[in-house]
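Enquirer: The structure's right below; bear with me while I get my questions together.
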Amino acid sequence: MNNPVMNKLQQIAEENLLEIEQAKARGQAVVGFYCLYSPTEMAVAADAIPLPLCGTRNDPIAAAEEILPRNLCPLIKSSFGFAMTDTCPFFRASDIIIGDTTCDGKKKMFELLSRYKPTHVLQLPQNQDPKTALPAWRAELERFKTIIETHTGISLTKDRLRSAIRLMNRERAARKALMDVNKNKPAPLGGSQLLEIMFKVGFLANKETGISMMEKIVAEAENKAFRSELPGDKCKRILLTGVPVGVGSDKVVKIVEQSGADVVAFENCSGYKQAFTVDEDKDPLKALAAQYLATPCSVMSPNTGRFDLLREMIRDFSADGVIDLTWQACHTYNVEAYRVNEFVQETLGIPTLHLETDYSESDTGQLRVRIEAYLEML
Ligand code: SF4
Ligand code: SF4
């Protein structure tokens with residue numbers, strides 16, 4: 001559907017690379033991030049541009065497989081492939097890279113990635129224990145702060161960090177408001193549209209532009225301006241949980257839509273896991289450490305927060321069904337799928353479908369058959 005706000009977002013997204021280049025020419029730094037656990041506030045506080053670098057496209061995977069094992073998560077191979085083929089303008093623009101010791105594949109990939117860019121890997125604890133893990137993560141953020149200060153020459157005072165937290169809280173609030181429009185029945189935004197908007201906004205150099213675009217979309221979505229035809233009462237509302245998805249790794253979302261259902265919400269780190277607020281009154285490093293460590297990703301053991309979030313989202317988005325997506329060779333999400341199924345199906349009474357796939361189109365037919373049969377059953 002031809003919508004003026006979406007056209008404007010497209011235009012801004014096309015001009016964004018030039019804006020990043022101009023910012024770099026003025027001396028602004030660019031920091032590439034690979035995971036939700038590292039606070040982008042640290043870059044923003046140093047007037048640097050944070051860019052999300054997790055690969056969502058299949059194209060660079062063949063090149064990555066010359067170095068990395070084939071049976072590795074496609075997100076890791078895509079990310080590495082973009083770097084080694086120098087085909088991601090956002091990786092190219094990044095001066096330094098920040099990674100975290102999340103899953104085994106990713107942390108080992110960073111060792112190789114450091115051949116292409118200065119790479120700093122933060123030692124992420126494997127649980128969220130306030131007595132042991134939190135102080136360790138707080139200390140890592142202290143090290144992260146020093147890395148950014150050394151790179152930019154800007155001292156990250158408490159005032160700078162607080163104002164970055166305020167800005168990023170506003171961005172997260174706008175992102176949450178955007179996702180929350182789909183609590184309405186019928187959903188004003190299709191799942192693919194929502195993904196496209198969040199994906200484009202995520203790369204924008206100017207945070208204020210991104211916030212204002214999301215606010216405009218929310219205002220328009222409430223007037224039902226984004227879909228040529230709103231879904232009828234019988235359209236099933238699906239919540240997608242599990243691994244992150246983006247433009248290029250959205251085949252499951254597309255198949256659900258082509259099969260006549262709606263993906264109304266994303267319980268993953270490219271979606272609702274970003275809908276949090278950092279405490280603006282506490283000591284900034286403490287507040288950042290506490291909030292980011294609480295991210296309910298399967299790399300944490302245990303990962304109880306995911307179940308709370310699922311319960312809340314299934315209720316608030318009136319989900320008829322839950323599709324749990326795992327990228328091939330992602331052991332943490334794959335193992336957790338058993339408990340997700342048990343919790344959602346048996347405790348909440350909502351049927352689930354667990355899918356394991358990669359970024360290629362080779363299993364599209366098979367996925368379609370399974371998704372259609374699942375939707376039939378709802
Ligand atoms: S799935 Fe977990 S480890 Fe992977 S990028 Fe998202 S938050 Fe980080
Ligand atoms: S999807 Fe799984 S294997 Fe892939 S990067 Fe995230 S946690 Fe690691």
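Enquirer: Would you check which residues across the range 82-133 are away from ligand 1 (no atom under 16 Å from the Cβ), of a type in the set (D, E, K, R) and either crowded, with 19+ Cβ neighbours inside 10 Å or under 26 Å from residue 22 (Cβ atoms) (or both) and list them?
Expert: The answer is 86, 92, 95, 117.
Enquirer: Among the residues of the range 252-261, count how many are surrounded by fewer than 22 Cβ atoms within 10 Å (Cβ to Cβ) and closer than 22 Å to residue 201 by Cβ.
Expert: 2
Enquirer: Still on this structure, please answer the following. Inside the range 29-53, can you point out the residues that are within 16 Å of ligand 2 (Cβ to nearest atom) and either among the polar types (S, T, N, Q) or surrounded by 21 or more Cβ atoms within 10 Å (Cβ to Cβ) (or both)?
Expert: Once the filter is applied, which keeps residues that are within 16 Å of ligand 2 (Cβ to nearest atom) and either among the polar types (S, T, N, Q) or surrounded by 21 or more Cβ atoms within 10 Å (Cβ to Cβ) (or both), the range 29-53 yields 32, 33, 34, 35, 36, 37, 38, 53.
Enquirer: Okay, moving on. Taking the stated definitions as given, is residue 47 acidic (Asp, Glu) and free of Cβ contacts under 8 Å to residues at least 60 places away in the same chain? It would help to see each step written out before you state the result.
Expert: Working: acidic (Asp, Glu): yes; free of Cβ contacts under 8 Å to residues at least 60 places away in the same chain: no.
Answer is no for this residue.
Enquirer: Here is a further query. Out of (1) in contact with a His (Cβ under 8 Å, 6 or more places away or on another chain); (2) within 16 Å of ligand 2 (Cβ to nearest atom), what's the single condition that is false for residue 96?
Expert: (2)
Enquirer: Scan the range 356-378 and report the pairs whose first residue is modelled with pLDDT of 95 or more and whose second residue is exposed (fewer than 13 other Cβ atoms within 10 Å of the Cβ), with Cβ atoms within less than 6 Å and a gap of 6+ or a chain change.
Expert: none
Enquirer: For the condition surrounded by 14 or more Cβ atoms within 10 Å (Cβ to Cβ) and without any contact (Cβ under 8 Å) to a residue 60 or more places away in the chain, what is the one hit in 149, 208, 171, 220? Step through it out loud before you land on a result.
Expert: Values: 149 fails: without any contact (Cβ under 8 Å) to a residue 60 or more places away in the chain; 208 fails: surrounded by 14 or more Cβ atoms within 10 Å (Cβ to Cβ); 220 fails: without any contact (Cβ under 8 Å) to a residue 60 or more places away in the chain.
Checking each option against the conditions leaves just 171.
Enquirer: Kindly provide the set of residues from the range 55-77 that are within 18 Å of residue 334 (Cβ to Cβ), within 16 Å of ligand 1 (Cβ to nearest atom) and either surrounded by fewer than 17 Cβ atoms within 10 Å (Cβ to Cβ) or in contact (Cβ under 8 Å) with a residue 24 or more places away in the chain (or both), ordered by number.
Expert: Start the filter on the range 55-77 by keeping residues that are within 18 Å of residue 334 (Cβ to Cβ), which leaves 69-77.
Applying the additional criterion that residues be within 16 Å of ligand 1 (Cβ to nearest atom) yields 72-77.
Residues satisfying the conditions are 72, 73, 74, 75, 76.
Enquirer: For residue 26, only one of the following conditions fails: (1) modelled with pLDDT of 95 or more; (2) crowded, with 18+ Cβ neighbours inside 10 Å; (3) not polar (S, T, N, Q). What is its number?
Expert: With respect to (1) modelled with pLDDT of 95 or more; (2) crowded, with 18+ Cβ neighbours inside 10 Å; (3) not polar (S, T, N, Q), residue 26 is out only on (2).
Enquirer: Take the range 54-93 and flag every residue that is of a type in the set (D, E, K, R) and either within 11 Å of ligand 2 (Cβ to nearest atom) or at positive phi (or both). Full working, then the answer.
Expert: As a first pass, look at the range 54-93 and keep what is of a type in the set (D, E, K, R): 57, 59, 65-66, 70, 77, 86, 92.
Hits for the range 54-93 are 77, 86.
Enquirer: Related question: If I go through the range 305-353 residue by residue, how many of them are more than 16 Å from ligand 1 (Cβ to nearest atom), touching a Gly at 6+ places or on another chain (Cβ under 8 Å) and not in a strand (DSSP E or B)?
Expert: Final tally of qualifying residues: 2.
The values are calculated or read from the model by the stated rules, or taken from the named source; none is laboratory data. Here the structure is a predicted model, which means the values were calculated and not measured. Backbone-built Cβ (ideal geometry, glycine too); neighbour counts: all protein chains shown.
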